[in-house]
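What follows is a single structure, written as structure tokens, with notes after it.
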Amino acid sequence: MAEQVVKPISTNQISTIFPQSMPMELSCADITAEICWPVGIAELSRVLGGGLVPGSLVLVGGEPGIGKSTLLLQTASQLAQKRGAVVYASGEETLHQVNLRAKRLGISGEKLFLLAETNLETIFERLDRLKPCLVIVDSIQSVFLSELETSSGSITQVRECTLRLMRWAKQTQTPVIITGHVTKDGAIAGPRILEHIVDSVLYFEGELFSSYRLLRSIKNRFGSTNEVGVFEMKENGLSEVDNPSQIFLAQRQRDSIGSIVTTALEGSRPLMVEVQALTSLTSFGQPRRTANGVDFGRLLLITAVLTRRLGLKLSNQDVIVNVTGGIQINEPAADMAIALAIASSFRDKPLNYETAAVGEVGLSGEIRAIPQLERRLNEAARLGFKKCLVPRSSVKNINVSNIEPLPVSTLREAVLLGLADGKTTPATNISE
Ligand code: TYD
Ligand code: MG
């Protein structure tokens, strides 16, 4: 007798995802299938473009410990109550651990089936019996297919498991959510190689020391990307933050030096954040620049413009810029606020507490147009700002009430106007 290993036929052709491959006229295609279900967590539904689409595969990526499992367990519980059986396959935690977490989150667990299993074939077997309305696989790096010889978490396993889940999702018209770990530098071959396979990619991010978390959509086959959901990690799980601007500005101090508010756009959502700057004489060696929450390259550009075009002597100053709340702003529209905060700190004069600023700074010191000014101004007005420094070129045809746009064409104009507008605080003279 000789042993013969039967190898299954390779299934890694992407065409097998779609059972029917005959050409079909677009106008005859069945579009009623693509209705989405809200998931019971409004911030998540928003990022998904309205909700979960049956048969879609969604990847939720993020650093370990950021809260992916927590978010998905909460989602699972919501959908189980609304639509029926949900399977949560956990390859990272034991049933006991998931149970403890569920208790902490106050989840009753009806119709929520936990499955501590890492063999994907076994998972499929169980799913076929349960016929759930949603499947969560936490995480894709922990599951494996026994027919492949590499260990779980390897590129082949991760890719092949995802393709298999994709096929299963499409065949059964059941949405599947998978989680994937990414490290800070994105070095480990993880979710990045899956981005082109799955239907939607969401990244969960935030500073580990801050309790706020942002859920961003990087790719979405069923809705717009660049949407962002804001959550706060609390004792009993993640709670939605539906008015993030108010929270990010909650600890702002009146007429403090080197501080101004700007409106960053996160997808279609304006977010008011406070930008702070501190300049201080370099005690030895090279002056340093520190950027927290803003792009380092843009900070260098802005300090260079302030030095060369406005004559601010920053070459012997350390400059620190910080965005409060652990938020990262990547838009050039925050340039003017950064510049004003630096100028305010350098001149030791406060900016007006009720004035915000948006605008991009160009190399010759001009203030350039930015997109969606009206939306940003409306958000600023909603939060009680009275004035906002804006690029002169964007100000035409905008219609806002309760806030006065202050159009400027150069950074010099903006700094002069901003500093003249600020009230000088009564002297307190702590140091003397
Ligand atoms: P987790 O969802 O396990 O992260 P991930 O799956 O992305 O690795 O979240 C873990 C962190 O969240 C952990 O450090 C503790 C914190 N946490 C809370 O603060 N409150 C809670 O209710 C829960 C469940 C977790
Ligand atoms: Mg986890």
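The values are calculated or read from the model by the stated rules, or taken from the named source; none is laboratory data. Model, not experiment: these values are computed from the prediction. Methodologically, a virtual Cβ is constructed for each residue, glycine included, from the backbone with ideal geometry; neighbour enumeration extends over all protein chains shown. In case anyone asks, the SASA skips ligands and DNA or RNA and just uses the protein heavy atoms, side chains included. Shrake-Rupley method; radii C 1.70, N 1.55, O 1.52, S 1.80 Å.
Listing for the model above:
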| read-out | value |
| --- | --- |
| Approximate shape of segment 253-301 as ellipsoid semi-axes (Cα gyration tensor, √5λ), whole Å, largest first | 26, 16, 6 |
| Heavy-atom SASA rank of 138, 128, 318 (probe 1.4 Å, accessible area, largest first) | 128, 318, 138 |
| Antiparallel bridge percentage (DSSP; both residues within the chain; nearest 5) | 50 percent |
| Alpha-carbon Debye profile of segment 343-412, log10 I(q)/I(0) at 0.15 Å⁻¹ | -0.49 |
| Most mobile of 363, 377, 351 in a GNM of the chain (Cα contacts under 10 Å) | 363 |
| In segment 278-383, the chymotrypsin sites (Phe, Trp or Tyr not before Pro) that fall in loop regions by DSSP, at most 13 other Cβ within 10 Å | 284 |
| Cα-based helix-to-principal-axis angle, 155-172 vs the chain, degrees rounded to 10 | 70 degrees |
| Net length gained if the chain between residue 4 and residue 268 were fully extended (0.36 nm per residue, minus Cα distance) | 89.2 nm |
| Relative contact order (percent, whole number), the chain, Cα cutoff 8 Å, 6+ residue spacing | 13 percent |
| Area of residue 309 that stays accessible when all protein chains are in place (1.4 Å probe, Å², to 10) | 110 Å² |
| Fraction in percent of alpha-carbon pairs per bin - 10 Å, segment 302-426 | 13, 45, 35, 7, 0 |
| Mean-position separation - Cα centroids, segment 293-358 and segment 220-264, in angstrom | 20 Å |
| Where segment 271-410 is the region considered: accessible area per residue in Å², 1.4 Å probe | 44 Å² |
| Globularity index of segment 76-206, i.e. its alpha-carbon radius of gyration over 2.2 N^0.38 Å | 1.04 |
| Normalised convex hull volume, segment 213-350, alpha-carbon set, Å³ per residue | 134 Å³ |
| Sulfur and carbon atoms: percent of accessible area, the chain [1.4 Å] | 52 percent |
| Cα-projected label distance for residue 375 with residue 156, points at 7 Å along beta-carbon direction, nm | 4.6 nm |
| Solvent-accessible surface (1.4 angstrom probe) belonging to residue 121, in square angstrom, nearest 10 | 50 Å² |
| Which of 126, 288 is most accessible, then next, and so on - probe 1.4 Å | 288, 126 |
| Helix-only mean residue ellipticity at 222 nm for the chain, each DSSP H run of n ≥ 4 adding -39500 (n - 2.57), per residue, nearest 500 | -8500 deg cm²/dmol |
| Kirkwood Rh and Cα Rg combined as Rg over Rh, evaluated for the chain | 1.07 |
| Normalised contact order of segment 87-191, rounded percent, pairs of Cα under 8 Å and 6 or more residues apart | 27 percent |
| Cα→Cβ-extended label distance, 7 Å offset, between residue 286 and residue 99, nm | 5.7 nm |
| Mean separation of Cα contacts under 8 Å (6+ apart) over length of segment 226-282, as relative contact order % | 33 percent |
| Accessible solvent surface per residue of segment 55-146, calculated while the other protein chains remain in place, 1.4 angstrom probe, Å² | 41 Å² |
| Exposure ranking of 131, 219 by accessible area [1.4 Å probe, largest first] | 131, 219 |
| Solvent accessible area, Å² - residue 192, 1.4 Å probe, full protein context | 120 Å² |
| Extension gain (nm, one decimal) between residue 243 and residue 35, 0.36 nm per residue minus Cα-Cα | 72.1 nm |
| Distance between modelled label sites at residue 253 and residue 416, nm, 7 Å Cα→Cβ extension | 3.1 nm |
| For residue 381, net neighbour charge (Lys/Arg +1, Asp/Glu -1) across residues whose Cβ lies under 15 Å away | +1 |
